[in-house]
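Data block below; observations after.
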Amino acid sequence: MEDVQLDSIRINNKVNDFLEFYELANNNDLNHKERWLLWKEHYNFAAIPPGDEGKEIAKRMFHQSWEKYHEHIDHIKQWEPNNERIQYSLSKVKQLLAYNEPIRITVFYFVGFWFF
């Protein structure tokens, strides 16, 4: 019998962490600074450059995005990852690249910043 190695897909789902933060921060008695501190303590995940510059970008984007979260929170709460779609997409990418070896990937799901 031949050994068959399969692709390894690791999921890192930060959406529940965001929802826990949102429940704490969605309080009219909190100001921007207090919400930012909660974000850093309970979520602290953004697709930004590392270092002090990245922290400033994240802070600015967070403040600009806060009201948008209210508009989309129901969708965020109902969202579910789709593992079959990930497997399908990975197989298509491998097919396009003519890559037949097993691959290991990590998929990050997170709630980002709305800045439009």
**Request:** Return a whole-number percent for the relative contact order of segment 8-109, with Cα pairs under 8 Å and 6 or more residues apart as the contact set.
**Result:** 56
**Item:** Note, ³J(HN,Hα) from phi for segment 22-39, Karplus 6.51, -1.76, 1.60, rounded to Hz, x at Gly and Pro
**Value:** 4, 4, 6, 8, 7, 9, 4, 7, 8, 9, 4, 5, 5, 5, 4, 5, 5, 4
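Helix-only estimate, please: 222 nm mean residue ellipticity of the chain, summing -39500 (n - 2.57) across DSSP H runs of length 4 or more and dividing by its residues, to the nearest 500. Walk me through the numbers before you get to the answer.
Values: 4 runs with 65 residues, N = 116.
Value at 222 nm, helices only, nearest 500: -18500 deg cm²/dmol.
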**Message:** Students often check this: by mean Cβ neighbours within 10 Å, which of 38-48, 64-74 ranks highest, and how do the rest follow?
**Reply:** 38-48, 64-74
**Request:** Please give every one of the lysines within straight-line cross-link reach of Lys92, meaning a C-alpha to C-alpha distance under 27 Å, and leave out same-chain neighbours fewer than 8 residues apart.
**Result:** Lys14
**Fill in**
Note on segment 1-41: alpha-carbon gyration tensor, axes a ≥ b ≥ c; rule is a/c under 1.5 for rounded, else prolate if a/b larger than b/c, else oblate; result prolate
**Request:** May I ask you to list the aspartates and glutamates whose Cα is less than 17 Å away from that of Lys59, ignoring any residue fewer than eight positions away on the same chain?
**Result:** Glu34, Glu41, Glu67
**Prompt:** What are the residues whose amide H is under 5 Å from the amide H of Asn13, where those residues sit 5 or more places off or on another chain and H is modelled from the backbone?
**Reply:** Tyr109
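We did not get these values from a lab; they are worked out from the coordinates using the rules stated. Only a predicted model underlies this, so the values are computations on that prediction, with no experimental measurement involved. Backbone-built Cβ (ideal geometry, glycine too); neighbour counts: all protein chains shown.
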